[in-house]
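Visitor: Can you keep this structure in mind? I'll have questions shortly.
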Amino acid sequence: MVRIVNLTPVLPPAANGLADFAVKCGEEWGNQGHDVNYIAPKISRINEDSTNPQKQTFFRNEAEFTNCVKRSKADYLLVHFSGYSYARWGLCHWLSNGIRDLRKSVEATKFATIFHEVYSSGPIYSSTFWVSGIRRAIARSIAKDSHFVFASTSSNIEKLALEDSREITKIGIFSNIAKLYPAFEFDKRSDFAV
C-alpha cells in the first residue's frame, strides 16, 4: 500500500478541473488499495462546505501546509498546480517555499507536480503581463523541487524549461466547463468525453 496525498486548491462539490481530476485519480488509486488523502488551502467557503467523502485536511498558511504533509507520512505528495487557483494573481510563494522546505526536511516523501497550467501572460497593460515573470519563477521552482514533473501540454513543457536533464512527462488531463452546466453534486455528475 502506498500513501498518496493530493494537494488541490478546492475540493468537490466545487466544479473545478483540478479538484475533479485529483478526486478521480484518487478514487482509482483507492480502488487499487492505496491510502489516498487530500489537503487544500482554506481560502474559500467552498472548501469549508466540501462534502467530498475522501479523507481531507485544510490549512491556512505555509506552516500548516508543511505540517500537514509531515504528519501524513506520505510516500507521495501530488501537487495539482495552477497558480491562479492558489493565490491572487497566481503569486503562490507559500507553495514554492513550502515544497522547498519539505524537500529538505522530509526525505521519505517523493514530490510530483502536475502542471495543469504554468503561467499566463497578456498585453502590457494587464496584470498578467506584469506578474508573468514571477509566476514563471514560482512554477520553475516547484518543478525543480519535484521528483517527478508532469504537464498538460507541450507549451507548458516549454514554459517550464528545466535546466537539469529530468524529463517532463506530457499527460492528458480532462477538464470540465462549469459555465455550461449546473454544478451538480460531485457524485451525481456523469463522466463523458468530447
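Only the coordinates and a few stated rules stand behind these numbers; no lab work does. Since we're looking at a predicted model, the values are computed, not measured. When we count neighbours, we look across all protein chains shown, and the Cβ atoms used for this are built from the backbone with ideal geometry, even at glycine.
Visitor: Within 10 Å of each candidate Cβ there may be at most 14 other Cβ atoms; applying that plus a DSSP loop requirement, which trypsin sites (Lys or Arg not before Pro) in the stretch 90-144 survive?
Guide: Details: sites: 100, 103, 104, 110, 135, 136, 140, 144; in loops: none.
Here no loop site has a sparse enough neighbourhood.
Visitor: Hey, another quick one. Relative contact order for the stretch 55-164: what is it in percent, counting Cα pairs under 8 Å that are at least 6 residues apart? List each step's numbers first, then the result.
Guide: Working: 152 pairs, mean separation 30.1, N = 110.
Computed value for the stretch 55-164: 27 percent relative contact order.
Visitor: Follow-up. Out of the stretch 1-46, which trypsin sites (Lys or Arg not before Pro) are coil in DSSP terms and have no more than 12 other C-beta atoms within 10 Å?
Guide: On the way: sites: 3, 24, 42, 45; in loops: 42.
When the trypsin sites (Lys or Arg not before Pro) of the stretch 1-46 are filtered for loop state and at most 12 Cβ neighbours within 10 Å, nothing remains.
Visitor: Cα centroid distance between the stretch 69-92 and the stretch 1-43, in Å?
Guide: 12 Å
Visitor: If you build the Cα gyration tensor of the stretch 1-46 and take the root of 5 times each eigenvalue, what three semi-axes come out, in whole angstrom, biggest first? Walk me through the numbers on the way to the answer.
Guide: Details: eigenvalues 85, 25, 8 Å².
In descending order, the three semi-axes are 21, 11, 6 Å.
Visitor: Can you tell me which of 91-99, 124-132 comes out highest on packing, and rank the rest after it, using the mean Cβ neighbours within 10 Å? Write out the running numbers ahead of the final one.
Guide: Values: 91-99: 20.6, 124-132: 13.0.
For the peptides 91-99, 124-132, the packing ranking is 91-99, 124-132.
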